[in-house]
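Some notes on the structure that comes next.
The values are calculated or read from the model by the stated rules, or taken from the named source; none is laboratory data. Owing to the predicted nature of the structure, the values given are computational and were not obtained by experimental measurement. Heads up, the Cβs are rebuilt from the backbone with ideal geometry, glycines too, and the neighbour counts pull from every protein chain shown. With ligands, DNA and RNA removed, areas are computed over all heavy atoms of the protein, side chains included. Shrake-Rupley method; radii C 1.70, N 1.55, O 1.52, S 1.80 Å.
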Amino acid sequence: MLPVHIPHVRLAHLNNGCLHLQVNLRFMDLGDEIQRVLRSVGHNLVKLLRHLLWHLLHLAVSTWYFGLDLAHLLQHYLISSGLLRNYKVLNLSNLRCLAIVVDSEEAQHTSRVVELLSWLSAIGVKHVCLYDMEGVLKESKEIILKKLGDARPPEVADERSLFLERKHMVLEFVSLSDGKEGVAKAASFLCSNYLKGASSGEDQEPVFTEPEMTSALRAIGCGGPDPDLLLVYGSARCHLGFPAWRLRYTEIVHMGSLKSMKYGAMIKSIRKFTMVHQNYGS
């Protein structure tokens, strides 16, 4: 058998082809790796830009509100110091009754409540309804009335003469229990009146109108005047369970914490209310 001789030229071509193939494969792997790196860098760059835009937007909004707070503080200071003439004299003819809602935790600071009521008395507010959910202010009723001196509870005050003479302020103390018990007592009052009418021979369907409900609430001592303006002091932006039947046309304003109350902020809210023209029922 004759030996087979492979030419050296063909072996060289094969070796060169394998070498080129390996080089091409390495370049392809390197290209894929570069593409993965570029995609990762691009993704991280987009995330970085998003975070940067978010922080810039947050900084802009925070700066805006910080500027507003500074402007409000400056305005409140100017009002308190009497430098703004428009806030010196208030027309309170449309403010027949003012309600103050205080968070029960902050209502324990009786001195702050007395200071707030003193401000209202000084500007000429003649009827104030003081409310907190748990009745903390009710328990401090005697202390508050004694410290004020010129305030009278509605049960011992002739409100009409007080309003005309402008010597004293009528001060109500209301809590959440008054709302629930008031509805129950008013319903019982209306039901007893209906049963009396039925026993006397009057056969009518029990239809209770809003005026009848109002008169029933007044008859049981829970039907005070509807507040024209309600100022809420506390963290919650709601009336905290204030009797709903007395809020039919009431404007509600959140004043922030009682600890940080400001005379200028109170005057500003009251003046803003007195400057608004209201059309009831139109």
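Structure above, values below:
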quantity	calculated
Within the accessible area of segment 97-139 (1.4 Å probe), percent carbon and sulfur	42 percent
Two-site label geometry, LEU49 and LYS88: point separation in nm, points 7 Å out along Cα→Cβ	5.9 nm
Computed over segment 53-160, Kirkwood Rh from alpha-carbon pairs, angstrom	16.9 Å
Nitroxide proxy distance, nm - points 7 Å out along Cα→Cβ at HIS254 and ARG96	3.0 nm
Chain lengthening between LYS272 and HIS109 when straightened (0.36 nm per residue, less Cα-Cα)	55.9 nm
Using θ = phi - 60° and Karplus 6.51 cos²θ - 1.76 cosθ + 1.60, couplings along segment 57-68 (whole Hz; Gly, Pro as x)	5, 4, 5, 5, 5, 5, 5, 4, 5, 5, x, 5
Label-point separation in nm, SER177 to HIS72, each point 7 Å along Cα→Cβ	3.5 nm
J(HN,Hα) series, segment 138-153, from Karplus relation 6.51 cos²θ - 1.76 cosθ + 1.60, nearest Hz, glycine and proline x	4, 5, 9, 4, 5, 5, 5, 5, 5, 5, 6, x, 9, 9, 10, x
Solvent-accessible heavy-atom area per residue, rounded to whole Å², over segment 23-148 at 1.4 Å	69 Å²
Amide H within-cut-off set for CYS129, under 5 Å, with H built and near neighbours excluded	LEU98, ALA99, ILE100, GLU172
